Structure formats: C-alpha cells, structure tokens
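Worksheet for the structure shown next.
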Amino acid sequence: MKFNITTFGCKVNQYESSGIFEMMSQGGYIPVGSGENADIHIINSCTVTENSDRKVKGLILRLKKANPHTKIVLCGCFPKAFPDKAAAIGADIVVNGIFTGIEPDLALSLPYSPQSERTRAFLKIQDGCDRDCAYCIIPKARGSVKSRTVDDIREEAQKLTAAGHKEIVVTGINLCAYEYSLTNAVEAICGVDGAERVRLSSLEPDMITEEDIERLSKLQNLCPHFHLSLQSGSDTVLSRMKRRYTTGFYGNIVKSIRKSFRNAAITTDIIVGFPGESDDEFAQTLAFAEETGFAKIHVFAFSPREGTLAATMPNQVPEKLKRERIKALSESAREMREAFFKSLIGTEQSVLTESTSFGHTRCYTPVRIQASGHEKNSIVKLKIIGVEKDCCIGACQV
C-alpha cells in the first residue's frame, strides 16, 4: 500500500513525521509524493491557532475530493488538544496524539530516520511543557515534560552524522525544560564526531543562566544563533501573559549572549494584540524590539484558543487594530533584519549549502553565493560583500 505524510507546524512535528515515515516504511508501506494518489494519507497536525485547524480541515476536504478512496489518518496536536472537534472534520482515523504504535503521550521512542531529504537534521530531546502561559494550548496538546537520556541523544546524533548531516538542530516543545540539563545535552551532541554545526531551536529566556551561556560559548561547533521567545516588549502585557521574566531580564540575557558569541543572531517571536494591549503597551513593544536589534522577528496576531485563560480575558483587541500593529512591527522588523545583514558585510562566514548557490551561515543568515556550482550539503568559506532582498551576498575566498 502507498502512503503520504503532510506535516503542519514546528520542527518537533517535522522530526516526528520523519519517525512516522520510517515506521511506515519498515512496515512495508510505499511512500509516494504529495501529487500522487496514496492509499493512506497521514496528517501530522498543529493546533497553535484556529487557522492551523482550518488548514487541516481544508486539506482533508481536498484529499477526499481528489481521491475518495484514500484513508486519512489525523494525528498530532489538534486531536490531542481538541479530540471532539478533530473527530468531526472527516478523517477516517483520528489518533489522540502522535501516530507511533506506542504510548501516544511519549512520542520519544520513534524509529530513527536519517532525514536524508534535509540539509540539516532535527534531533528532538524532550517533549511537553508545564508553563501554562495564558495564550498557549500546547501544554494541553503535549502534556507534561518528558526527556530522553543524554546517552540516547548522543547515540542518535552519531547516527545523524554518520548519515552525512553536517548540522544538527536540537529541538523540543520547551527545550530549556530538558530534565538532565540542556547544556549537558548540547555538550554531548557537540562532542560527536562529524557534528560540524549544532544549532538550538526556540529557548525560554528565563530558563537560561549565566553559567549556561559561559559553558555553551566554549563549544566551537555551536552556532551563534539564539531564538529567544519574547512575545511582548511590555512588562504589563508579559504579566498578563503569565510569562516569567521582565524586559529588563530579557535584555540582560541578550547582552550576555552578545558578549560571549561574536556576530550572534538574536531572533524572536512577538504576539500583537494580546487582550488589553493598549497603544502605549504596543509602543513599548516596538521600542524594546528596536532597542534589542533582532536579526529576525516572527510577528503573530493574537489568536484566542478555546481552553486558554487569554480566550476569556476582557478587552479583546479589534482585528483591524491588530492588522495595523502587525504592519508597523513587521516594517520595523524588516529594517532590523536589513541592518543585521549589513553588519556582516566584510566578515568571513562559513556557509552550509542547500543548493549550488545558496545556503545559511552559522548565525542562520541566508546567503546567495556569487559563484554557483557548489555541492549541496558542503561548508564553504565566504566573504560577505553585500545585501540584497532578504539575504546576504557571499563571494568565495581565494
């Protein structure tokens, strides 16, 4: 029988889909591309926003129309968080969690998959989150924190490098909540032969210590790219969000990272239009973002999720005002990103190629390579000589 997988959402979902792919392949099922008819279509869902749920429902309708005989399996965060809603949108099989054939809540024992279709490989070290931020449904979808052992993580990293991956992205639902110390896990991965680059995915700023930064700065193959979730640049909004830090604390962490890592890229997420967000609070967010000088900001409009505290809060911000604030913050973010790119002009960078003429630096800056012809998944030394739309231009060093 033929199967296909569609993945929505984060790096963790992508990692888990690779494991599902391997499990299906080991079971004798034949993978096919998205444009081909499949006997089984697995949808690994995200449910961070209502729009995520709508995308899943729309895909199911399109798949059924294109091939009425295909069997659709819906798994992932949507059916775990909202089982009744997920059961009513037309999938043939709804799995309450990750489609693994084992205990759904664990999702830590998926079969190893070499992820050969990707230049960089994801390595999931933990699952779950116990933070209960006011806007977030993920604790309901993912449950409490569960962690793999350091030995298990090291073993998978060895398999990934043996398969040819030069960069490993360490990921989890709440990476900093890894129970045996995130820094211990990163040191183990960085110590694996062939792990030329190790990158961290999203981090909670209040869960990083000065000691962590000092230890991490000694790892030569750790990429100087830190995605620190901010969510708001207003302390009063952060308090309503039930975030566990202030902008002052956040700013000090950024300063420590920049002191310890040369050309570090600080990226973040910001939610616009959280309930009660005033003009002054939004202005504080805009000012703090500009003061910090992010290399990239993922800007989101607040989306109320049933089952979260924020969905029941008074003073919901009108959609029109959210759109206006998104436009303003996005424009500022674009200017910051361009300024960061320009700061790299004249520097030498190692670029991991994703095509013959394109790749990313260690600080995750996209680079168009002036001379094409480089082999995919190779690391080349370049000098940044300019900036064009949303990327740098790199010239090979003689």
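Quick look at the numbers
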item	result
Exclusive hit being more than 24 Å from I173 (Cβ to Cβ) and buried (at least 18 other Cβ atoms within 10 Å of the Cβ), set I72, I42, I20	I72
So A310, is it out of contact with any Leu (no Cβ under 8 Å at 6 or more places or on another chain), modelled with pLDDT of 95 or more, closer than 27 Å to K242 by Cβ and of a type in the set (A, V, I, L, M)	yes
Filter result (within 19 Å of C129 (Cβ to Cβ) and part of a loop (DSSP other than H, G, I, E, B)) within the range 210-246	S229, L230, S232, M241, K242, R243, R244, Y245
Output for the range 160-175, where each listed residue is open to solvent by 20 Å² or more (accessible area, probe 1.4 Å) and either under 28 Å from P139 (Cα atoms) or assigned to a loop (DSSP other than H, G, I, E, B) (or both)	A163, G164, K166, I173
Meets criteria (open to solvent by less than 80 Å² (accessible area, probe 1.4 Å), farther than 23 Å from F261 by Cα and in contact with a Lys or Arg (Cβ under 8 Å, 6 or more places away or on another chain)) for T356	yes
Residue among A121, A162, A141, A134 that is on the phi < 0 side of the Ramachandran plot and at pLDDT 95 or above	A134
Single unsatisfied condition, Q231 versus (1) at positive phi; (2) surrounded by fewer than 18 Cβ atoms within 10 Å (Cβ to Cβ); (3) in contact with a helix residue (DSSP H, G or I) (Cβ under 9 Å, 6 or more places away or on another chain)	(2)
Selected residue (only one of A328, A310, A301 is under 29 Å from V254 (Cβ atoms), within 22 Å of the chain's Cα centre (by Cα) and not hydroxyl-bearing (S, T, Y))	A301
Scope the range 360-382; condition part of a strand (DSSP E or B) and either open to solvent by 80 Å² or more (accessible area, probe 1.4 Å) or of a type in the set (A, V, I, L, M, F, W, C) (or both); matching residues	V367, R368, I369, I379, V380, K381, L382
One residue from S278, S256 being touching a helix residue (DSSP H, G or I) at 6+ places or on another chain (Cβ under 6 Å), over 28 Å from C46 (Cα atoms) and among the small types (G, A, S)	S256
Near pairs, Cβ below 6 angstrom, 6+ apart or cross-chain, from the range 339-353 (within 25 Å of E290 (Cβ to Cβ)) to any residue that is open to solvent by 30 Å² or more (accessible area, probe 1.4 Å)	F341/V387; K342/V387
Test: N184 is over 25 Å from V351 (Cβ atoms) and either within 21 Å of the chain's Cα centre (by Cα) or surrounded by fewer than 22 Cβ atoms within 10 Å (Cβ to Cβ) (or both)	yes
Which listed residue, of A157, A134, is in a loop (DSSP other than H, G, I, E, B) and open to solvent by less than 10 Å² (accessible area, probe 1.4 Å)	A134
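The values are calculated or read from the model by the stated rules, or taken from the named source; none is laboratory data. Bear in mind the structure is a predicted one, so any value in this text is a computation, not a measurement. Backbone-built Cβ (ideal geometry, glycine too); neighbour counts: all protein chains shown. Heads up: the accessible areas ignore ligands, DNA and RNA and are worked out on the full protein's heavy atoms, side chains in. Shrake-Rupley method; radii C 1.70, N 1.55, O 1.52, S 1.80 Å.
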